[in-house]
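K.L.:
If you scroll down you'll find the structure; I have some questions about it.
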Amino acid sequence: MLPTLILVVGLVFMLIHMVPGDPVDALLGDRATPTDREALRVALGLNLPLGEQFVNYVSGLAVGDWGVSLVSGRPVLQVLLERAPATAWLALWAMVVAICSGALLGVAGIWGRALWGKSKLLSRLVNLATLVVMATPTFVLGPLLIVVVAIGLGWVPVSGNEGWESVILPALTLGAGLGAVLARMITASLRGELRADYVRLVAAKGGSRRRRLGHALRNALLPVVQLFFLQVGMVLTGAVLTEAVFGWPGLGNLLVESLHQRDYPMMQGCLLLISLVYMVSLLLADMLSAWLDPRVGN
Amino acid sequence: MEKVRQLVTRMEVWGTGLLLLVVAGLWLAVAVSGGDAVRVVLPDVLAAPSAVHWLGADDLGRDVLARLAGGVRVSLLVGLAVLAITVAIGVPLGLVAGWYGGWADKVILKVTEVVLSFPGLLLALALAALLGGGMATVMLALGVLGWVGFCRLTRVQVQKLRQLAFLEAAQLAGVPTWKTWLRHVLPNCAAPLVVEALLVVAGSMVAEAGLSFLGLGLPPELPSLGGMLRDGTRLLLVAPLLVVYPAVVLIGLTVGVNMVAEGLRRRVAGGNEGAA
């Protein structure tokens, strides 16, 4: 965890130095006077040796000084904290969508045979549907949903964040992919558990199909929970694109704006914050699976 | 007859068919209609589908059909280039790690863990944006960050193979290590790598489209599916079809590749799950 953290901070710090040529030139353009250039260089701390710059950057991060936006002149951390709740709200609803749809479809993938005897129609349909949804990126699903639901049917607003109903389409867009992944995992995991000896024992004792499923489900959920947390990163990356589609005022849009405006401190702040959340969720996934299944622990 | 039945219930067959339909269909349609993906024709702005523009024209009067075909070409190009880069980095590293073990294995494994604990697409996004757009940058950014899968997969496969007697026999017979790798090790771990390769291609196509959608990927005059989606979302209320076309084509491509991958994955796994 700690080496990764240092590496991530280092990478984010180095990004500004990876720009071909001089970042100051890129910011000011050709017509800037040498005095202006020098002033900006000093303001950004780019005149110092690289090592010193890095130490300054890290010590600044530690005390909550994440730099100042080159465009609005506001402290980066303040803007980040302003924008973060919108992203968290979107991610929360996306996860609700993912869990509900995933659980429903995942069990349906198994239950198909119970409903229609030997026919595999339902599980095949679920399989195909989840495959298509998984292969559909958020920036494709989003505009399609807007066309059908917002414009065609006129049920919800096209974009922005006004009122509770504006979260519906972004959450569906962002949650669908994760839902499909979860559904497939639940189906595969359940299929494995249903063949286990303890399920056979339940069957031998005369337990109904439903009863067997109940027993198997509890064990089958373990890898699913693990996968869920591992996929939080996918949700975050997807959130950047989803926010761009719907003009959602969160961190993702902030990142894209700052990349377009070459607002380096803001861009670094966004990347750093998102990476931190990503890393914490991976850590949580590890800890959770160790707690749920004693066999996993070290 | 049984063979035919098996063939039509196989996912990889349907996937290949879908890919052929999208790629060959668009290519043929453009060859017949003769549309131009780049030329701006102002009288044709947002033209409805006609004999000249089979799918209409976009907000700059460019032929939508030709831009779709161009976008597919770009997608496949990026997908294959990223595949080449990731294979070139990932497979040798995985081979070395799995074959020699020891500290080389530890170092390489640690590096892959670090890369995995980072939101890769976001880093690619920042890299592509900062280094200045263009197809080469996009390919490089995605390739440099995407090799981990190949590395880990190759490593595990090689570790499994390493214990088998025929490799020991080859070594005892004095076959040079590089020859053993090329002749015995790599062909034997090829099957799961092919599945991974397909997933990398699909992932890169989506990533490129995502970057272009954000305006951080390919330059706007180059036709790309992501760029078309971006232009289309701005005209949603005027011409919703401009979004639908590239969306359908991109879904066709990624679903096709994913279906082939899924079909092959089942065969590699032993195929006891039966057809889809």
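K.L.:
Counting just the residues of the range B:61-83 that are small (Gly, Ala, Ser) and touching a residue at least 24 places away in the same chain (Cβ under 8 Å), which one comes out surrounded by the fewest Cβ atoms within 10 Å (Cβ to Cβ)?
P.N.:
Filtering first and then ranking leaves B:81.
K.L.:
Pick from A:61, A:70: which is buried (at least 18 other Cβ atoms within 10 Å of the Cβ) and assigned to a loop (DSSP other than H, G, I, E, B)? Steps first, please.
P.N.:
Working: A:61 fails: assigned to a loop (DSSP other than H, G, I, E, B).
Going through A:61, A:70 in turn, the sole match is A:70.
K.L.:
Let me ask you something else. If I ask for residues that are of a type outside the set (A, V, I, L, M), at pLDDT below 80 and crowded, with 17+ Cβ neighbours inside 10 Å, which ones from the range B:120-144 would you list?
P.N.:
Correct list: B:120, B:133.
K.L.:
Oh, and also: Where in the range B:151-270 are there helices (runs of 4 or more DSSP H), lying wholly inside it, with at least 1 residues that are buried (at least 24 other Cβ atoms within 10 Å of the Cβ)? Break it down stepwise before answering.
P.N.:
Numbers: elements: B:165-172, B:177-180, B:190-213, B:225-234, B:241-268.
Per the criteria, B:190-213, B:225-234, B:241-268.
K.L.:
Quick one: which residue in B:152, B:162 is away from chain A (no Cβ under 14 Å), within 22 Å of residue B:265 (Cα to Cα) and in contact with a helix residue (DSSP H, G or I) (Cβ under 7 Å, 6 or more places away or on another chain)? Break it down into steps so the answer makes sense when it comes.
P.N.:
On the way: B:162 fails: within 22 Å of residue B:265 (Cα to Cα).
On inspection, the qualifying residue turns out to be B:152.
K.L.:
What number goes with the only condition from (1) under 20 Å from the mean Cα position of the chain (by Cα); (2) more than 14 Å from chain B (Cβ to nearest Cβ); (3) modelled with pLDDT of 85 or more that residue A:145 does not pass?
P.N.:
(2)
K.L.:
Can you name the residue in the range A:128-139 that is free of Cβ contacts under 8 Å to residues at least 60 places away in the same chain and assigned to a helix (DSSP H, G or I) and, of all such residues, is surrounded by the most Cβ atoms within 10 Å (Cβ to Cβ)?
P.N.:
Filtering the range A:128-139 for residues free of Cβ contacts under 8 Å to residues at least 60 places away in the same chain gives A:128-136.
Retained after the next criterion (residues that are assigned to a helix (DSSP H, G or I)): A:128-134.
Details: A:128: 15, A:129: 15, A:130: 25, A:131: 21, A:132: 15, A:133: 20, A:134: 21.
Ranking the qualifying residues of the range A:128-139, first place goes to A:130.
K.L.:
Kindly establish whether residue B:255 is facing chain A (nearest Cβ under 9 Å), touching a residue at least 60 places away in the same chain (Cβ under 8 Å) and not basic (Lys, Arg). Reasoning before the result, please.
P.N.:
Values: facing chain A (nearest Cβ under 9 Å): yes; touching a residue at least 60 places away in the same chain (Cβ under 8 Å): yes; not basic (Lys, Arg): yes.
Here the answer is yes, as residue B:255 does meet what is asked.
K.L.:
Can you tell me which residue among A:184, A:211 is within 14 Å of chain B (Cβ to nearest Cβ) and either surrounded by 18 or more Cβ atoms within 10 Å (Cβ to Cβ) or not acidic (Asp, Glu) (or both)? It would help to see each step written out before you state the result.
P.N.:
Details: A:211 fails: within 14 Å of chain B (Cβ to nearest Cβ).
Answer to the selection: A:184.
K.L.:
OK, next. Just to be sure I understand, how many residues within the range A:46-71 are under 26 Å from residue A:2 (Cα atoms) and in contact with an Asp or Glu (Cβ under 9 Å, 6 or more places away or on another chain)?
P.N.:
Result for the range A:46-71: 1.
The values are calculated or read from the model by the stated rules, or taken from the named source; none is laboratory data. In this text the structure is predicted, and so the values were computed from the model without any measurement. Quick reminder, even Gly has a Cβ in these numbers, built from the backbone with ideal geometry, and neighbours come from all protein chains shown.
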